[in-house]
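K.L.:
Before I ask anything, let me first share the structure, which is written out below as structure tokens.
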Amino acid sequence: MQLDDFDAAQNLVALFLQRADELGDKPFLFAKHNRKWQPVSWREAADQVCLLAEALRGMGLNAGDRVMLVAENCPEWAIADLAIMAAGCVTTPAYTTNTQRDHEHILENSGARAAIVSTQKLGAPLIKAMIQTGLGEHIVGIDALSTGQHGAFDTHQWSDLTTGDAAAARAAVDARIADIGRRDMACIIYTSGTSGAPRGVMLHHGAILHNVDAAARILASEFGWEDERFLSFLPLSHALEHTAGLHLPIGLGAQIWYAEGLDKLASNLEEARPTFMVVVPRLFEMLRGRLVKQVEKQGKLANWLLDRALSLAENRAEGRRRLSDLPVQALLNRTLAPKVVERFGGEIKALVSGGAPLNPEIGTFFQSMGLVTLQGYGQTESAPVACCNYPSAGIKLSTVGPPLRGVEIRIAKDGEILIKGELVMLGYWRDPEATAKTVVDGWLHTGDIGHFDDKGRIVITDRKKDIIVNDKGDNIAPQRLESMLTLQPEIAQAMVSGDKRPYIVALIVPETDWAIAWAQANGEHFDMAALQDLPAFRAAMRQAIDRVNLDLSVIEKIRQFTFADEGFTIDNHMLTPSMKIRRGPIREKYQSRIDALYKG
């Protein structure tokens, strides 16, 4: 395996088949069945990819046809993605959290002729959407599907489509993919949408290969390139996991282990012992919170060490280097840090964060525990990574690192970050007007505000459209304030407001565990709604907010706050699948409550 393979590859399927030929019967994909991890070899995966590709062509699908893919992270997801492209078709992933209405939008917008779905449960809203829209001629069930009497489409079974003459199927795929080039469309990934309906981002093979090439070079030069293992946890329908959690491991010839879910992530980490893992900031925050709670139960020494680790992280986040930190770090390296590293399987080379800004204090906390934390930056429209921190560039987690190999970045006059290179999307599917506004003369207008630091690393300050401009014309970055708020143990989630207003206010979701502990300590029955009406509970929350205000400028200080009725979740449409808050739906529900904070 050579790094030049990525530059030479004409499409993602060709790169995969090359790796499969090289690695043969070595294990590739791992999933848990009957409490045991079961591997799929590279050869077995390649056979299934080719057989499924030919089955799709046998259904009458043609080059360029879209095929929806709805499944949890699993070996079949990877095989289906590659098979769709091997058939000359275009993968159109959909989130497993999609409603029937969401599926209808993707069917109508993409014009998908077929769909692959994992289970009956996930198939139910998809089948209803296909019947409602009259779109989609075929549906393939990885598990057995019951579609009822409808006559709207043909139903197929995965096992029937992945058996047969693998050699003949491989020959047919080889002949077909010889004509698929780097500029040909590989997939349409629908943005998770913090506001408005999701748009289909058209990514070509070259865009994803460009990302794989640049990332692989960093990993190889910084950490070595051996028998790597990735633990796949983020949804594969998200551009970050699709590229960094699937096609990057393929390029590296790495194993991919599929996590069973958040509730089993801790045990999966210990069992899979990954060398790399892609995460979003919210997961970092949750893992840090759990670690802190576990350590707090272990006595005075453990708590003292934790306090020192947090202090060290704060110093590093603020750029303070103290000689007195060295012995503390040395003690941590011998005591607490190895235990934390072991909770991640003990062999992690790096944790890669993307999808949203990572609070520097969170990142430096994990760094102080001996876990190398790399923050990347990009968006679906850039396939998705454009920048990344790495050790030789000097990891500074208040930045997202320098541009990747082959990426040009410049800052527009208004501070917007512009990106150019092979990684830039072909455009938005069936939306030339939005495409023309977003990609101008080859430059992707990201909508993010930022600047270069003195070492050429990008610093992101906020989303252009999310910037709060108060009634005096001052610009305030809401994501920074929200990140600082959710670092407090009392606060699980937060959204700040203040556009065209005299001061900043916050909508708060209390941390449940803290609220339970507060109720017990104060002799109150735990009922979140009832607690929020208690002056003493509000006063405790006010203290948490005031701690944040100590580090804020006058115009940023949070003057008033109110509580949300429930947490922001994917199910209530207030959180995207990549764990970013959706400001539009939140404002729609709570606008009157927020407005009331400016009265009297």
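K.L.:
Looking at the structure I just gave you, is Ala144 surrounded by fewer than 20 Cβ atoms within 10 Å (Cβ to Cβ), of a type outside the set (D, E, K, R) and in a helix (DSSP H, G or I)? Before the answer, list the steps.
P.N.:
Details: surrounded by fewer than 20 Cβ atoms within 10 Å (Cβ to Cβ): yes; of a type outside the set (D, E, K, R): yes; in a helix (DSSP H, G or I): no.
Judged against the criteria, Ala144 is not a match.
K.L.:
Look through region 155-183, keep the residues that are closer than 20 Å to Glu76 by Cα and touching a strand residue (DSSP E or B) at 6+ places or on another chain (Cβ under 8 Å), and return whichever of them is surrounded by the fewest Cβ atoms within 10 Å (Cβ to Cβ).
P.N.:
That would be Gln157.
K.L.:
Has region 198-205 got any residue that is assigned to a helix (DSSP H, G or I) and closer than 21 Å to Val407 by Cβ?
P.N.:
Start the filter on region 198-205 by keeping residues that are assigned to a helix (DSSP H, G or I), which leaves 205.
With the extra rule that they be closer than 21 Å to Val407 by Cβ, the set shrinks to 205.
Yes: one or more hits.
K.L.:
What tally of residues in region 184-199 results from selecting those that are surrounded by fewer than 23 Cβ atoms within 10 Å (Cβ to Cβ) and closer than 24 Å to Arg463 by Cβ?
P.N.:
Let us first name the residues in region 184-199 that are surrounded by fewer than 23 Cβ atoms within 10 Å (Cβ to Cβ), namely 184-185, 191-199.
Cutting the leftovers down to closer than 24 Å to Arg463 by Cβ gives us 191-199.
The qualifying residues number 9.
Table: residues versus (1) surrounded by 20 or more Cβ atoms within 10 Å (Cβ to Cβ); (2) touching a Leu at 6+ places or on another chain (Cβ under 7 Å); (3) closer than 17 Å to Cys187 by Cβ; (4) without any contact (Cβ under 8 Å) to a residue 12 or more places away in the chain.
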residue	(1), (2), (3), (4)
Cys89	yes, yes, yes, no
Asn98	yes, no, yes, no
Glu104	no, no, no, no
Glu108	no, yes, no, no
Ile116	yes, yes, yes, no
Thr119	no, no, no, no
Gly123	yes, yes, no, no
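K.L.:
Please find, within region 496-516, the residue that is modelled with the highest pLDDT out of those that are closer than 23 Å to Arg463 by Cβ and surrounded by fewer than 16 Cβ atoms within 10 Å (Cβ to Cβ). Don't jump to the end; show me each part of the working.
P.N.:
Initially, region 496-516 is screened for residues closer than 23 Å to Arg463 by Cβ, giving 496-509.
Filter once more, so that each one left must be surrounded by fewer than 16 Cβ atoms within 10 Å (Cβ to Cβ): 499-500, 502.
Numbers: Asp499: 86, Lys500: 81, Pro502: 89.
Among those that are closer than 23 Å to Arg463 by Cβ and surrounded by fewer than 16 Cβ atoms within 10 Å (Cβ to Cβ), it is Pro502.
K.L.:
While we're on this one: Can you find, within region 351-402, the residue that is surrounded by the fewest Cβ atoms within 10 Å (Cβ to Cβ) among those that are over 26 Å from Lys339 (Cβ atoms) and charged (D, E, K, R)?
P.N.:
This residue is Lys396.
K.L.:
So which of Leu265, Leu252, Leu283, Leu246 is touching a residue at least 60 places away in the same chain (Cβ under 8 Å), within 23 Å of Leu575 (Cα to Cα) and out of contact with any Phe, Trp or Tyr (no Cβ under 6 Å at 6 or more places or on another chain)?
P.N.:
Values: Leu265 fails: touching a residue at least 60 places away in the same chain (Cβ under 8 Å); Leu252 fails: within 23 Å of Leu575 (Cα to Cα); Leu246 fails: within 23 Å of Leu575 (Cα to Cα).
From the options Leu265, Leu252, Leu283, Leu246, the qualifying one is Leu283.
Residues checked against (1) part of a strand (DSSP E or B); (2) in contact with a His (Cβ under 9 Å, 6 or more places away or on another chain); (3) over 21 Å from Arg217 (Cα atoms); (4) at pLDDT below 95:
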| position | (1), (2), (3), (4) |
| --- | --- |
| Cys387 | yes, no, no, no |
| Ser392 | no, no, no, yes |
| Ile395 | no, no, no, yes |
| Thr399 | no, no, no, yes |
| Lys413 | no, no, yes, yes |
| Ile417 | yes, yes, yes, no |
| Met425 | no, yes, yes, no |
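K.L.:
Got at least one residue in region 7-29 being among the small types (Gly, Ala, Ser) and modelled with pLDDT under 95? First the steps, then the outcome.
P.N.:
Going residue by residue through region 7-29, those that are among the small types (Gly, Ala, Ser) are 8-9, 14, 20, 24.
Right, trim to modelled with pLDDT under 95 and you get 8-9.
Yes; the residues of region 7-29 include at least one that is among the small types (Gly, Ala, Ser) and modelled with pLDDT under 95.
K.L.:
Further, regarding this structure: Give me the pairs, please: first residue somewhere in region 415-442 and at negative phi, second residue anywhere and basic (Lys, Arg) and in a helix (DSSP H, G or I), beta-carbon distance under 7 Å, and either six or more positions apart or on two chains.
P.N.:
Qualifying pairs under 7 Å: Glu416/Lys464.
K.L.:
Let me ask something additional. Which residue, of Asp7, Asp21, Asp25, is surrounded by fewer than 17 Cβ atoms within 10 Å (Cβ to Cβ) and part of a loop (DSSP other than H, G, I, E, B)? Spell out the reasoning first.
P.N.:
Details: Asp7 fails: part of a loop (DSSP other than H, G, I, E, B); Asp21 fails: part of a loop (DSSP other than H, G, I, E, B).
Exactly one of Asp7, Asp21, Asp25 is surrounded by fewer than 17 Cβ atoms within 10 Å (Cβ to Cβ) and part of a loop (DSSP other than H, G, I, E, B), namely Asp25.
K.L.:
Still on this structure, please answer the following. In the list Ala14, Ala63, which residue meets the criterion of being surrounded by 19 or more Cβ atoms within 10 Å (Cβ to Cβ) and closer than 28 Å to Ala168 by Cβ? Before the answer, list the steps.
P.N.:
Working: Ala63 fails: surrounded by 19 or more Cβ atoms within 10 Å (Cβ to Cβ).
The match here is Ala14.
K.L.:
Okay, moving on. Just need a number here: residues in region 560-582 that are touching a residue at least 40 places away in the same chain (Cβ under 8 Å) and within 16 Å of Arg282 (Cβ to Cβ).
P.N.:
11
K.L.:
Just for region 348-369: of the residues that are assigned to a strand (DSSP E or B) and of a type in the set (A, V, I, L, M, F, W, C), which one is nearest to the chain's Cα centre (by Cα)?
P.N.:
Going residue by residue through region 348-369, those that are assigned to a strand (DSSP E or B) are 350-353.
Pick out the ones that are also of a type in the set (A, V, I, L, M, F, W, C) and you get 350-352.
Details: Ala350: 16, Leu351: 13, Val352: 10 Å.
The extreme case among them is Val352.
K.L.:
Looking at region 534-554, is at least one residue touching a Ser or Thr at 6+ places or on another chain (Cβ under 9 Å) and in a helix (DSSP H, G or I)?
P.N.:
First, pick out the residues of region 534-554 that are touching a Ser or Thr at 6+ places or on another chain (Cβ under 9 Å): none.
No, every residue in region 534-554 fails to be touching a Ser or Thr at 6+ places or on another chain (Cβ under 9 Å) and in a helix (DSSP H, G or I).
The values are calculated or read from the model by the stated rules, or taken from the named source; none is laboratory data. No experiment lies behind these values; they were computed from the predicted model shown. Heads up, the Cβs are rebuilt from the backbone with ideal geometry, glycines too, and the neighbour counts pull from every protein chain shown.
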